[in-house]
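**Student:** Quick one: the structure is below, and I'll ask about it shortly.
The values are calculated or read from the model by the stated rules, or taken from the named source; none is laboratory data. Bear in mind the structure is a predicted one, so any value in this text is a computation, not a measurement. Cβ placement follows ideal geometry from the backbone for every residue including glycine, while neighbour counts extend to all protein chains displayed. SASA here: full protein model, heavy atoms, side chains in, ligands and nucleic acids out. Shrake-Rupley method; radii C 1.70, N 1.55, O 1.52, S 1.80 Å.
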Amino acid sequence: MITIEELRPGDEEAAHRLGQQAFNATDPYDPARPRIAPERHLAAYLDGAIVGQTRRHEFGQYFGGRRLACAGISGVAVAPEARNRNLARRLVTESLERAAGDGEVIAALYPTTAALYRSVGFEVAGWWTERGVPIGELPRDDGTVTWARAELDDERPVALYDRMAPDHDGWIDPPADFWRWRALHARQDTKTNRYLYVGERDGEAVASVQYAYGRSERAMYRIDVEHVHAVDGHALRAGLALLGAHGTTADEIRTTLPVDVLELHVAHAQRTSVHSTWPWMLAFVDLPGAIAARGYPAGVSGAVPLAVDDPHRPANSGDWVFSVADGHGTLERGGDGRVAVTSTDLASVFSGHRDPLRLARAGRLGHPTEADLGVLRAAFAGQPSLTIFF
Ligand SMILES: CC(C)(COP(=O)(O)OP(=O)(O)OC[C@H]1O[C@@H](n2cnc3c(N)ncnc32)[C@H](O)[C@@H]1OP(=O)(O)O)[C@@H](O)C(=O)NCCC(=O)NCCS
């Protein structure tokens, strides 16, 4: 018999092993590591043995400068002997039900197969991208920030991230345990040379940079940047300059900073290269809640009638009027439904990833007027990204 339920007490190590097998991880089970609450860790049991699982992190995600309660779905895994029986789909669907119960308005995840998650209401809403930048392309230190080494569990980088993230559509706001888990993981990894620096300006922490040495064929090492957090562009530039000061021993850095941020500080952006990319996907858990929770550009106002089709969460479906004014949006019942859109396409617009004009040209937006398109394009304009993998 198969059941989907919360992870049973005592099954933490078995769940860890299931995840290791699915994702080729090798780190030993450590009972001291922070764990997600059991009600956020669902498991599939086959005759009492755990054969599948999914975790739901208590994230926020920023859109338009505001934080939306977001279910961060991760660790979806089904044992090879139990695959192709709909277990992954059932686990994610049940997780989204619980997300709705907890007031989460959206859900986000990194897919290994988009088909699985499209089939439960997710759509690609942005990309995580790791770029290589030749070390000589990084800016030179201008002396405005003073750097000092810090311990890997220093909490200032988290505070700096919290100041930086709201300006970046798509960035997540992880809970304290998530950061603690990452710091512990970094500390326990004694095989890697890893350094954290915090930079101050006028006695105030304004940037942090964490990096590890990776393998390079042409130099002693490359630099894998684990984060650059900065309160403004000057502080970010100083962080990149700190990395650039490794030019005699390293040939490049690898970073997940969004390209529109990076290109401001790299003169010959054509010399950067993409090493790895991963799409991330978004689903509406509570569509009117999500529309009301995100921010919109000040100065944009208008109303657009939508006919939303969401076969997964029927409460999101039907005719709505989307209105935006003074940086706030609402979704209210009514309208003539001339802009017909699936909830998945709408998710890709909501994040700023997909231009409504493209959807209209592809025949996926019903019969919008030019004014409808103008409002939608202006309201959801953005360039979403994600720098943290989960
Ligand atoms: C991905 C995984 C969780 C799927 O588990 P599962 O229980 O077999 O999946 P389901 O039976 O619920 O399949 C649901 C849908 O997922 C997709 N899917 C499942 N296995 C797939 C595969 N090997 N290749 C491509 N798509 C696949 C299909 O769209 C499928 O729908 P369909 O059968 O109607 O075509 C499982 O193969 C696994 O654990 N893989 C290794 C870890 C991993 O990739 N996890 C996902 C992290 S985002």
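**Student:** Which condition number in (1) in contact with a helix residue (DSSP H, G or I) (Cβ under 9 Å, 6 or more places away or on another chain); (2) over 25 Å from SER385 (Cα atoms) is the one that GLU217 fails?
**Tutor:** (1)
A quick yes/no check of all residues on (1) free of Cβ contacts under 8 Å to residues at least 60 places away in the same chain; (2) outside the structural domain of GLY72 (by TED's automatic domain parsing); (3) more than 19 Å from ASP345 (Cα to Cα):
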position: HIS268; (1), (2), (3): no, yes, yes
position: ARG271; (1), (2), (3): no, yes, yes
position: VAL274; (1), (2), (3): no, yes, yes
position: ARG294; (1), (2), (3): no, yes, no
position: ALA298; (1), (2), (3): yes, yes, yes
position: VAL304; (1), (2), (3): no, yes, no
position: ASP310; (1), (2), (3): no, yes, no
position: ARG313; (1), (2), (3): no, yes, no
position: SER317; (1), (2), (3): yes, yes, no
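**Student:** Still on this structure, I have one more. Please tell me if ARG163 is open to solvent by 20 Å² or more (accessible area, probe 1.4 Å) and within 30 Å of GLU104 (Cα to Cα).
**Tutor:** Criteria met by ARG163.
**Student:** Being modelled with pLDDT under 95 and within 27 Å of the chain's Cα centre (by Cα) is true for just one of ARG140, ARG215, ARG182. Which residue is that?
**Tutor:** Details: ARG140 fails: within 27 Å of the chain's Cα centre (by Cα); ARG215 fails: modelled with pLDDT under 95.
After applying the criteria, what remains is ARG182.
**Student:** Shifting gears a bit: Among the residues that make up the range 220-228, is at least one of them in a helix (DSSP H, G or I) and surrounded by 21 or more Cβ atoms within 10 Å (Cβ to Cβ)?
**Tutor:** Within the range 220-228 (the criterion being in a helix (DSSP H, G or I) and surrounded by 21 or more Cβ atoms within 10 Å (Cβ to Cβ)), the answer is no, since none of the residues qualifies.
**Student:** Filter the range 112-138 down to the residues that are open to solvent by 10 Å² or more (accessible area, probe 1.4 Å) and either closer than 30 Å to LEU240 by Cα or in contact with a Leu (Cβ under 6 Å, 6 or more places away or on another chain) (or both) and list them by number.
**Tutor:** Those that are open to solvent by 10 Å² or more (accessible area, probe 1.4 Å) and either closer than 30 Å to LEU240 by Cα or in contact with a Leu (Cβ under 6 Å, 6 or more places away or on another chain) (or both): VAL124, TRP127, TRP128, THR129, GLU130, ARG131, PRO134, ILE135, GLY136, GLU137, LEU138.
**Student:** If you go through the range 72-111 one residue at a time, how many are near the ligand (Cβ under 6 Å from one of its atoms), without any contact (Cβ under 8 Å) to a residue 60 or more places away in the chain and buried (at least 18 other Cβ atoms within 10 Å of the Cβ)?
**Tutor:** Residues meeting the conditions: 4.
**Student:** Then there's this: Being under 23 Å from GLY126 (Cβ atoms), surrounded by fewer than 21 Cβ atoms within 10 Å (Cβ to Cβ) and within 16 Å of the ligand (Cβ to nearest atom), is that true of even one residue in the range 32-53?
**Tutor:** Checked the range 32-53: no residue is under 23 Å from GLY126 (Cβ atoms), surrounded by fewer than 21 Cβ atoms within 10 Å (Cβ to Cβ) and within 16 Å of the ligand (Cβ to nearest atom).
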